[in-house]
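Since the structure comes first, as structure tokens, the remarks are kept for the end.
The values are calculated or read from the model by the stated rules, or taken from the named source; none is laboratory data. As the structure is a computational prediction, the values presented were derived from the model and not from experiment. With ideal geometry, Cβ positions are generated from the backbone for all residues, glycine too; neighbour counts draw on all protein chains shown.
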Amino acid sequence: MKKIKLRAHHLLCVKGFEGKGYDEDFINNMKNIVGILGDNAYVEVLNGCDDICVKCPNMKDGKCVSENGGEDFVRIMDDIVIDKMGIKPQEVLIWREAENKVLGRFQSKKDLEGVCSDCSWNNICKWYLTRK
Ligand code: SF4
Ligand code: SF4
């Protein structure tokens, strides 16, 4: 099985991915990662840049420099997700196990406060919009 590095809040984003993103490279990489996860994979959960960020135009010198937040901002989102999942940074899980934790712990918009509530994509994100 392949191993994918994902920063923790991206465990949610892959659930909402519908082919949109920052540019073509980003979208193609995201599609590839979602496909690998669909076949099941190991996931190393991070609170730093990951296999999605590496193809993002907002990553510079290994850090997120997005105008909508930046590394400190997204790291807070990651830490909330890690905490709610009851895991530790750099823990490796099988994707199905990680997905089950995500589905169990993030059922409502209230559960997603500090994560999706502060994300610039939340007005079009399927994952966020379909939470109760
Ligand atoms: S609202 Fe933002 S952080 Fe939340 S799953 Fe969607 S894209 Fe990811
Ligand atoms: S915006 Fe930042 S956290 Fe999101 S994929 Fe790009 S570099 Fe990573």
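Collect the residues in segment 9-25 that are outside any helix (DSSP H, G or I) and among the charged types (D, E, K, R), keeping them in residue-number order. Before the answer, list the steps.
First pass over segment 9-25, keeping only residues outside any helix (DSSP H, G or I): 9, 17-23.
E18, K20, D23, listed by residue number.
Given the criteria in a helix (DSSP H, G or I) and either over 23 Å from R131 (Cβ atoms) or more than 16 Å from ligand 1 (Cβ to nearest atom) (or both), does N29 qualify? Spell out the reasoning first.
Working: in a helix (DSSP H, G or I): yes; either over 23 Å from R131 (Cβ atoms) or more than 16 Å from ligand 1 (Cβ to nearest atom) (or both): yes.
Yes; evaluated as a whole, the condition is true for this residue.
Check E67, E18, E71, E97 and return the single one that is within 16 Å of ligand 2 (Cβ to nearest atom), among the acidic types (D, E) and within 27 Å of K132 (Cβ to Cβ). Can you show your working first?
On the way: E67 fails: within 27 Å of K132 (Cβ to Cβ); E71 fails: within 27 Å of K132 (Cβ to Cβ); E97 fails: within 16 Å of ligand 2 (Cβ to nearest atom).
Going through E67, E18, E71, E97 in turn, just one is within 16 Å of ligand 2 (Cβ to nearest atom), among the acidic types (D, E) and within 27 Å of K132 (Cβ to Cβ): E18.
Return the pair list, or none, for Cβ contacts closer than 9 Å from residues in segment 71-82 that are closer than 20 Å to N58 by Cα and surrounded by fewer than 21 Cβ atoms within 10 Å (Cβ to Cβ) to residues that are of a type in the set (D, E, K, R) and modelled with pLDDT under 95, at least 6 apart or on different chains.
Sorted first by the residue in segment 71-82, then by its partner, the pairs are F73/D118; I76/D118.
Does segment 79-95 include one or more residues that are more than 9 Å from ligand 1 (Cβ to nearest atom), within 15 Å of the chain's Cα centre (by Cα), farther than 22 Å from K3 by Cα and not basic (K, R)?
yes
Here are the criteria: (1) under 13 Å from the mean Cα position of the chain (by Cα); (2) at pLDDT below 95; (3) over 23 Å from K109 (Cβ atoms). Tell me which single one K15 does not satisfy.
K15 satisfies all of (1) under 13 Å from the mean Cα position of the chain (by Cα); (2) at pLDDT below 95; (3) over 23 Å from K109 (Cβ atoms) except (3).
Are any residues in segment 86-126 over 15 Å from A8 (Cα atoms) and crowded, with 18+ Cβ neighbours inside 10 Å, and if so, which ones?
The one that is over 15 Å from A8 (Cα atoms) and crowded, with 18+ Cβ neighbours inside 10 Å: C125.
Listed here are the residues, each with its yes/no results for (1) among the aliphatic types (A, V, I, L, M); (2) assigned to a helix (DSSP H, G or I).
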{"residue": "D50", "(1), (2)": "no, no"}
{"residue": "G69", "(1), (2)": "no, no"}
{"residue": "V74", "(1), (2)": "yes, yes"}
{"residue": "M77", "(1), (2)": "yes, yes"}
{"residue": "P89", "(1), (2)": "no, no"}
{"residue": "E99", "(1), (2)": "no, yes"}
{"residue": "D111", "(1), (2)": "no, yes"}
